[in-house]
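The values are calculated or read from the model by the stated rules, or taken from the named source; none is laboratory data. Not measured: the values here are computed from a predicted model. Here the Cβ positions follow ideal geometry from the backbone for every residue, glycine too, while neighbour counts run over all protein chains shown. Accessible surface is based on the protein model in full, side chains and every heavy atom, while ligands, DNA and RNA are left aside. Shrake-Rupley method; radii C 1.70, N 1.55, O 1.52, S 1.80 Å.
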Amino acid sequence: MESPTLGHAELSPSSAGSVDDSNGQLSMDETGQVRYLGKSSGFYLLQNSRTYQNGAFHLTNCGHQKPALSKRSVSFDKLELPPRDLSLHLIRLYFKHYYPILPMFYKRLLHSSIDPPSDTVSPLLLNAIYAVASRVSPDLRVRSDPESPDTAGDVYFERAKCLLDDYYDTPKISTVQALLLMAMHQHGAMNSPRAWLYSGLAFRMAQDLGLHRNCDHWNIPPEERERRKRVFWCCFIVDRLFSALFGRASVFEERDCDVPFPTVDDDQVIEANNSSANVGRSPVPLLESFIQLIKICDILGHVLKNIYYAKSRHHAGTQHIDNVLSALNQQLTSWFNNMPASLQYDLVAAGNDTPRSDPPSPVSHLHLIYYTTVILLHRPFIPGPSSTATAVSLPSYNLCMTGANAILDIVSIMQSENNLKYVSNFTVYYIFTAGIMFIKSATDSEKSFESKVKINKIMRALDEIELTWNTASRSCSILGELAGLRDINLEYDNQELQAQRTTSPLSMQFSNSPKSSKPRDDVSQPPPPQQQQQQQQQQQQQ
């Protein structure tokens, strides 16, 4: 596919230097195993905390501690399926809440096989679907322990894990799909090593099957071509997202991938959970949102390669870095401005007196990734008292705060409609990235109170998501640790809060810009780079 900016080879330093240790750090999990977390993960900010000892982050006591599976949980028939009514319930939950965000199936081809399940669908794939969908199911039968919501879907994941041994040696597309779902499930269940390894297996098997190559002229049925395209691009998306949240290199090289975008849409458009949110909104075609998701994840990949890779900025001059930053920022702005009407999210109107409804989940997800990418692009260039960041021409702090406020706005609207429990596991990372910015802004005496309010809202949102994905508790604990590191007291007086209240949602009461008291008119997108440069030059002249 065409690169959205300069190729990585053109951006690499002319001479290889030593790896910058500040680009990533080691972490030690509860088993005592050492793992690597890169800078885009955000964990590097904990270097001065009590969790950082002997050159590694000790994450044993960070967040939710899930009890180990009992011995009896592994003594089951791995080919057993749930009762038909429960199977249909879980499949429908999956297609309602998770499939629209990552449509890895060609739904027309699949529905006839799994509704109800038939012998044509692999038990591995079915159990992977059941495991993910169980996280949002109220049915107690999905729990290994009816008294413990944490165990929802565990039995299906354990079956999938046992079945996986039967599928290694014969690569199949259905196995790639199952591995992606298992990776997402394990990341949400706070088992990051398995998530990373399962996703890696999926990517390698996809390459083994040739999913990364154009199959339009291959002698295979049209339905199979569409299926291959969808599964590859889902692998590509998960590859970029895991690369960001773990701070590690991605697998798929664009120069080796020539897969066209999918061309055949599903029959139904995607609707919001709240029926009132569909009034006056253009229908959301699944294929349209999927292609835009691929495009924004492509830009995210280039941000990671050009800004966060170990040698991405070594020996690069200020002008070179500034050109790269402007080029990537322009790509983000262009992506946003060219977004189809059905996928637009008017957060400016959301700040008015008229309450806004949560749009269909793919729309919210797209914008969360966009604003997260804005933050990741500009965060390394925020100047500080002892910062060694290179001076650049773009107002990076303002742009990061714009992105963080927008993420909080989207999350607040989702929370108001009780939709946070249905988000994907990746949403935890987007919210955590916004929280890091509010921690940073809380050290500014002029912004201290409003930042504390926003940090609390972020942490309450993570608490709510923890009911579905346990990994949210770790992110919440780390934000609390960061607040303590900077001597930020997250408690505030109710009278002080009441004085700040307005008719708009809490996160929308404050300006995005540290130097502006105007209503937020820039939340939907950063201004184009040229306009940003002009604004900064004007501020410097004043």
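The table below gives the values:
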| read-out | value |
| --- | --- |
| Single condition SER134 does not satisfy, out of (1) modelled with pLDDT of 95 or more; (2) under 25 Å from the mean Cα position of the chain (by Cα); (3) farther than 13 Å from PRO82 by Cα | (3) |
| Filter result for the condition that a residue is of a type outside the set (Ser, Thr, Tyr), surrounded by fewer than 18 Cβ atoms within 10 Å (Cβ to Cβ) and touching a residue at least 40 places away in the same chain (Cβ under 8 Å), over ASP169, ASP165, ASP258, ASP208 | ASP258 |
| Within region 235-265, considering residues that are acidic (Asp, Glu) and closer than 30 Å to ILE375 by Cβ, the one modelled with the highest pLDDT | ASP239 |
| Given (1) open to solvent by 60 Å² or more (accessible area, probe 1.4 Å); (2) farther than 18 Å from LEU394 by Cβ; (3) at pLDDT below 95; (4) assigned to a helix (DSSP H, G or I), index of the condition GLN268 fails | (4) |
| Some residue of region 218-230 being more than 16 Å from the chain's Cα centre (by Cα), assigned to a helix (DSSP H, G or I), in contact (Cβ under 8 Å) with a residue 60 or more places away in the chain and crowded, with 22+ Cβ neighbours inside 10 Å | yes |
| Among the residues listed as ASP165, ASP216, the single one being among the acidic types (Asp, Glu), out of contact with any strand residue (DSSP E or B) (no Cβ under 8 Å at 6 or more places or on another chain) and more than 25 Å from ILE91 (Cα to Cα) | ASP216 |
| Hits in region 323-335 (condition: surrounded by fewer than 20 Cβ atoms within 10 Å (Cβ to Cβ) and touching a residue at least 12 places away in the same chain (Cβ under 8 Å)) | SER326, ALA327, GLN330, THR333, TRP335 |
| Residues being part of a loop (DSSP other than H, G, I, E, B) and either within 22 Å of the chain's Cα centre (by Cα) or at pLDDT 80 or above (or both) - total across region 457-511 | 5 |
| Boolean, PHE242 is open to solvent by 40 Å² or more (accessible area, probe 1.4 Å), without any contact (Cβ under 8 Å) to a residue 60 or more places away in the chain, within 27 Å of VAL363 (Cβ to Cβ) and touching a Lys or Arg at 6+ places or on another chain (Cβ under 8 Å) | no |
| Tally of residues being out of contact with any Lys or Arg (no Cβ under 9 Å at 6 or more places or on another chain) and open to solvent by 10 Å² or more (accessible area, probe 1.4 Å) across region 402-415 | 1 |
| Looking only at region 443-469, and only at residues there that are open to solvent by 10 Å² or more (accessible area, probe 1.4 Å) and small (Gly, Ala, Ser), the one that is farthest from SER134 (Cα to Cα) | SER445 |
| Output for region 148-205, where each listed residue is part of a loop (DSSP other than H, G, I, E, B) and among the basic types (Lys, Arg) | LYS172 |
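For (1) on the phi < 0 side of the Ramachandran plot; (2) surrounded by 19 or more Cβ atoms within 10 Å (Cβ to Cβ), each residue gets a yes or a no:
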| position | (1), (2) |
| --- | --- |
| ALA133 | yes, yes |
| ASP145 | yes, no |
| GLY153 | no, yes |
| PHE157 | yes, yes |
| ALA160 | yes, yes |
| ILE173 | yes, yes |
